[in-house]
Amino acid sequence: MESGSGRYLPQRRTIAVVDLLVWCFTMWPLFWILWVSFQMTVDIYFRFPMRALIALVFLALLEVKRIGSNGLISWFFFICFCILSGRHGVITAGYYDVMAIIGGAAFCLCMQTVEIDKEIIFKALFGCGFFVTITVLLDATTHIFQTSLLGIYTTASRRVVLGRAGTMVTGGIIPFAGSAGSFICAGLGAYIISLREKRLTVNNVAVLACFSTAFLLLQKRAFVLDIAAAFFVIWLCGFRRENVLRIDAEVLVRIVFAMIAIIASSILLYFLVPLFRHSYHSLVARFTTQDKTYSGRTILYALAYSLFKKHPFRGIGWGVFRMYSRNTLGDSKQTFEVHNVYLQLLCEAGIAGLGSFLLATGAALVKTLRKYRELIVEGIRNDEFYSLRLSIFLQVFFLAYCLSGNPLYDYNFLITYFVGLLLSF
């Protein structure tokens, strides 16, 4: 069947199957991080989540019969450079990274040819985020994952969980607080945008309070800036010069009411919930710390840049930086990523690798911003409008976090980024 715009629209039976595949794809990041963290599932088959991701791609291809090409072909240029740099890099690291990138990009290509229920994505992102939020609050109050449930984790995950004992930091059921943040931030963004600028109710405030407290318990400075950057881009896209002098009274009342509700609930949480107050002060202290290396990041940045200068075009090889990072922060056994995706790509894949990544992510973001801006100009506030808004949030959050983290190599962040691309179709 063809729609008026020339898009292929399958029958309802097909759409139901496609929606199930989209739900599985959106839930995959949480499935992956839990599977590789638990000893029981790792003992069954460590590589099962990656096999499941590729299986989703094949099932999607069988269901839709054909794939699209609009805006995602540039990802395969990046994949080619990943493979080339992997030839003189760490084969194992390159293999799984490339498989995750191929899985995400290929699934999105399949979904370009069908119409999906994007409300499923909103609900799945919120569900994953709220689940992790509850476990973070539970661990912060009872330390259950550091004590009673410590045995469910693998040896490596157990060390991470024990390492945060005695601190305010917790990722709940997820060992790494940063990984937990990918679900909390995506879920928070999905929930705020799903409210569709309506007045806040008591239930809304309660959910936002849970998210906010869990967010503070992550103790991640970068996430504060990344979320701020994402919402700033959304605001900037919605800016219209003529609206500066002519503000709708009802909209103004909603804005004022929302600000009052947020400020009032934050004050109440601060004075009534010690956990919120302590985590708030701890996070603020991280911003005011005199740590000039930003937890050792500047040392890693300098090392990556020095390695890039030795091999500016082809790079040192995919995954090789970790070998050079040994002893850089005083631990002879531990290795590190650069904590800046752009610098790491420049170091490991050279100018061509970084350039192809910027082309792929930039093309997708520009296309989404253009579609969103067209709806803004036309004054349309439909389902597509809010789907594009969440897509922008997820894309900008990912690209902003690339400045201080490793989201390209953390598959929960990477696939959540591709989920954001699904919302832009």
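The values are calculated or read from the model by the stated rules, or taken from the named source; none is laboratory data. Model, not experiment: these values are computed from the prediction. With ideal geometry, Cβ positions are generated from the backbone for all residues, glycine too; neighbour counts draw on all protein chains shown. Surface accessibility is based on the protein's heavy atoms, side chains included, excluding ligands, DNA and RNA. Shrake-Rupley method; radii C 1.70, N 1.55, O 1.52, S 1.80 Å.
Charge dipole of the stretch 43-156 (Cα centre as origin; +1 on each Lys and Arg Cβ, -1 on each Asp and Glu Cβ, all else neutral): 320 debye, rounded to the nearest 20.
Computed from point charges on the beta carbon alone (+1 for Lys and Arg, -1 for Asp and Glu), the dipole magnitude for the stretch 97-172 about its Cα centre is near 360 Debye. In the structure shown, the pairs K118/K198; K310/K367; K65/K198; K309/K371 are assessed against 31 Å; a Cα-Cα span above that value is assigned to K310/K367; K65/K198; K309/K371.
With Cα atoms defining each centre, the stretch 79-144 and the stretch 185-226 are spaced 21 Å apart in the structure.
Go through E378, E337, E115 and list them by solvent-accessible area, largest first, probe radius 1.4 Å.
Numbers: E378 120, E337 30, E115 95 Å².
I get E378, E115, E337, largest accessible area first.
The alpha carbon centroids of the stretch 28-45 and the stretch 351-425 are separated by 27 Å. Distance distribution P(r), the stretch 152-209, all Cα-Cα pairs, bin width 10 angstrom from 0: 20, 37, 25, 16, 3 percent. Net charge dipole, the stretch 334-413: roughly 280 debye, given to the nearest 20, about the Cα centre with Cβ charges of +1 for Lys and Arg and -1 for Asp and Glu.
In the stretch 36-139, taking the dipole from charged Cβ atoms about the Cα centre, the farthest positive-side position among P49, I134, F122 is held by P49.
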